[in-house]
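Structure first, commentary second.
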Amino acid sequence: MTATATSNAAGSAAWADTLLLSFAQAGYVRAEPAILQPAEPFLDLSGEDIRKSLYLTTDLSGEELCLRPDLTIPVARDYLASSRAGQPAGFSYLGPVFRYRSGRASEFLQAGIESFGRQDRAAADAEMLALALEATSAFGVRDVEIRTGDVGLFNSLLDALNLYPVWRRRLVKDFNRKISLEQDLERLAAATTATRSEYEGVLAALAGSDRKAALAFVTDLMSIAGTTNVGGRTTAEIADRFLEQSTLKGGALPREAIVVLRRFLSISGNPDDAIAELRRLTTDAKLDLAAAIDQFESRVGFMAARGIDVKQTRFSTAFGRGLDYYTGFEFELHHRGNGTEPLVAGGRYDRLMTQLGSVEPSPAVGFSVWVDALNRIGRKVGAQA
């Protein structure tokens, strides 16, 4: 089925009319970004691992292009290129995206909302979750489990612990990639001073350096060697690896920091209980996370004001969506008992705007609707009714 045919089929479906009407009534203007997009933003923001899932081509100038694998980045790029950049603006979308998925169609529909420029972050976060729940209702799916987290809390904790930047980047990378932090915490806790490396001289030269200085040093070394990458790793990746090893040579991650991190990552339950436990943790550990917890609590208040049953909402400090550009609230909606596949997923991604070239930071939050998953569940629910 061609993209046009897919779009026409979507437009004629009753659920599509209901969904788009609810988005429009909430004030979100329909966006229709180009299907062919520069590949660089997707590779930069999602990592080279996504390359094997993209449908790539190259134009006559040598620029690498791809069929859009999702709609968040294209909508954000169009917003930044418009006269409304930097101002509050909201967009909705429904259209085909293209991504290799083993055993499933590589062309599929995605719907969603992106909200840019709103300074009332807690209220905007709650609105996204409420509209996401409305989206599931458009497909007749109401038995929904709400899973939430907040990477902003994790980042604030790392700041309060005053960790070396190398440790901080490594832990954030683990969190974002949904790698088990527990295993890495053990590695970071182990003393490394007894180990030796063939790069002892490089590690010694980098001792105490920041990332900028480390990158300049490694760039010079590789320039002398006449190479720009080793084993597929870029200069920046190599510099990060050397800097990490150099920091670890100076000693292990403090045991008290590991204790706090483990306690933080164990907090799970309904949001009100989680807030109480977070405040106890900050008191016991003598850490200042007040601003991040207050933002969390404010969001929960706005969620309740929008009729969301907060007591039935699941929150976990360890919850993350696996994308580096998320900066705060994250959520997924699942059909109860449907395992790991989300029906709707989204969150706050303030960092994305500057990563896409914006001079000024801009608040951003949104969600994507996995239409095929919702359609499948909706049909099953309808058949059982």
Could you give the spread of the C-alpha atoms of segment 288-329 along their three principal axes, from largest to smallest, in whole angstroms?
31, 25, 15
Trypsin sites (Lys or Arg not before Pro) in segment 256-349 lying in a DSSP loop, each with at most 10 other Cβ atoms within 10 Å of its Cβ, come to LYS286, ARG336
Sort 85-98, 31-44 by the packing proxy (mean of other Cβ within 10 Å over each peptide's residues), most packed first.
85-98, 31-44
Taking 0.36 nm per residue of separation between ASP288 and SER102 and subtracting their Cα-Cα distance, the length gained on full extension comes to 62.4 nm
One checks the Cα atoms of segment 269-339 and finds Rg and Dmax, in Å, of 13.4, 40
Charge dipole of segment 52-181 about the Cα centre (unit charges at C-beta), most positive-ward option of LEU80, PRO96, LEU67:
LEU67
Within the under-15-Å Cβ sphere about ALA304, not counting ALA304, Lys/Arg +1 and Asp/Glu -1 give a net charge of -3
Taking placed amide H atoms and a strict 5 Å upper bound, the residues 5 or more places from GLY112 or on another chain that come that close are TYR93, VAL369
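Read-outs throughout are calculated quantities, based only on the coordinates presented, and are distinct from any laboratory measurement. This is a predicted model, so every value here is computed, not measured. FYI the Cβ positions are ideal-geometry reconstructions off the backbone, even for glycines, and counts take in every protein chain you see.
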